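*Asks:* Below are the structure tokens for one structure; questions will follow.
Any read-out appearing in this document is the output of simple, stated calculations on the displayed coordinates, not a laboratory observation. Computed from a predicted structure; not experimentally measured. Every residue, glycine as well, gets a Cβ built from its backbone with ideal geometry; the counts of neighbours run over all protein chains shown.
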There are 2 protein chains.
Amino acid sequence: MNENVLGIVAGILTSAAMLPQLIKVLKEKNADDISWVMLLVLISGLSLWVWYGFLQDELPIILSNSFSVLLNITLLICCIIYKKSK
Amino acid sequence: MNENVLGIVAGILTSAAMLPQLIKVLKEKNADDISWVMLLVLISGLSLWVWYGFLQDELPIILSNSFSVLLNITLLICCIIYKKSK
């Protein structure tokens, strides 16, 4: 299999696995179960993967990790909004 | 920065971000909040990343995703054990 296709499929699966969490938080307007520290560590790690993708010039790594960064930043913003509104 | 060092740091951060979830499940002996489907999708995606790492011959990708596969398989086993024991 072409490694770019493989990387993109892998990226879609690992990104898709995070979506239910975001949907749950948005639906319930509740992010109490989510740790800020964990999100910050995850966002730092994913950003470094994006950087790594640019250094190695690998599009699947750049795309999937950028999507995950956006998704986790949205989660972090939800955490801040929902915790403040209580 | 050397891209291997960058990849390994990125891998440590994204793997470390999953550890609190596993520790919480092991401590509380409760995995009700975790979705099997999400874990299976995640394990499939991470396994494809390991395969991608082998194709591209990139050690940071192989190591960090293998660790994440192991961690999520452990979570899946916990889900099965704790749900059965109820």
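*Asks:* If we scan the range A:77-85, do we find a residue that is assigned to a helix (DSSP H, G or I), among the hydrophobic types (A, V, I, L, M, F, W, C), more than 11 Å from chain B (Cβ to nearest Cβ) and within 12 Å of the chain's Cα centre (by Cα)?
*Replies:* No, there is no match, as no residue in the range A:77-85 is assigned to a helix (DSSP H, G or I), among the hydrophobic types (A, V, I, L, M, F, W, C), more than 11 Å from chain B (Cβ to nearest Cβ) and within 12 Å of the chain's Cα centre (by Cα).
*Asks:* Would you mention how many residues in the range A:1-42 are within 11 Å of chain B (Cβ to nearest Cβ), under 22 Å from B:Leu48 (Cβ atoms) and aliphatic (A, V, I, L, M)?
*Replies:* 13
*Asks:* Just checking, does the range A:66-74 include any residue being buried (at least 18 other Cβ atoms within 10 Å of the Cβ), facing chain B (nearest Cβ under 10 Å) and under 24 Å from B:Ile23 (Cα atoms)?
*Replies:* yes
*Asks:* Here is a follow-up. Out of the range B:59-70, which residues are in contact with a helix residue (DSSP H, G or I) (Cβ under 6 Å, 6 or more places away or on another chain) and over 14 Å from B:Leu48 (Cα atoms)?
*Replies:* B:Pro60
*Asks:* While we're here: For the range B:1-56, which fully contained helices (runs of 4 or more DSSP H) count at least 1 residues that are buried (at least 20 other Cβ atoms within 10 Å of the Cβ), β-branched (Val, Ile, Thr) and without any contact (Cβ under 8 Å) to a residue 40 or more places away in the chain?
*Replies:* Output list reads B:36-56.
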